[in-house]
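The values are calculated or read from the model by the stated rules, or taken from the named source; none is laboratory data. Here the structure is a predicted model, which means the values were calculated and not measured. Keep in mind that these areas ignore ligands, DNA and RNA; they rest on the heavy atoms of the full protein, side chains included. Shrake-Rupley method; radii C 1.70, N 1.55, O 1.52, S 1.80 Å.
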Amino acid sequence: MAPSPYQLHMRLAEVLDVTGITRAELARRLAVSPQAVSYLCQGLRSPTLRTVARVAQALGLPWSRLIVEQ
């Protein structure tokens, strides 16, 4: 089951804030458009587990950090 977009976007915003990584930088690391990252950050798209894994890898985190309540 894919994580809810709300959970992912809340954790993603937290990680970006703590690490200082911008949405533009994350988009570059993922080789996607800034708009695609913006959709994830705003919770406008339901990500697949593959997307969650790619985002986590781009951030240097275990995928569970983005979907499991800490």
Whole-number accessible area per residue in Å² for the chain, which is evaluated in the context of all protein chains at 1.4 Å: 63 Å²
Given the range 5-44, what whole percent of its Cα pairs are spread farther than 17 Å? 21 percent
Structure-derived percent of Cα pairs over 17 Å apart - corresponding label in (1) 55; (2) 29; (3) 39: (2)
Taking 0.36 nm per residue of separation and subtracting the Cα-Cα distance, what length does fully extending Ala31 through Arg50 add? 5.4 nm
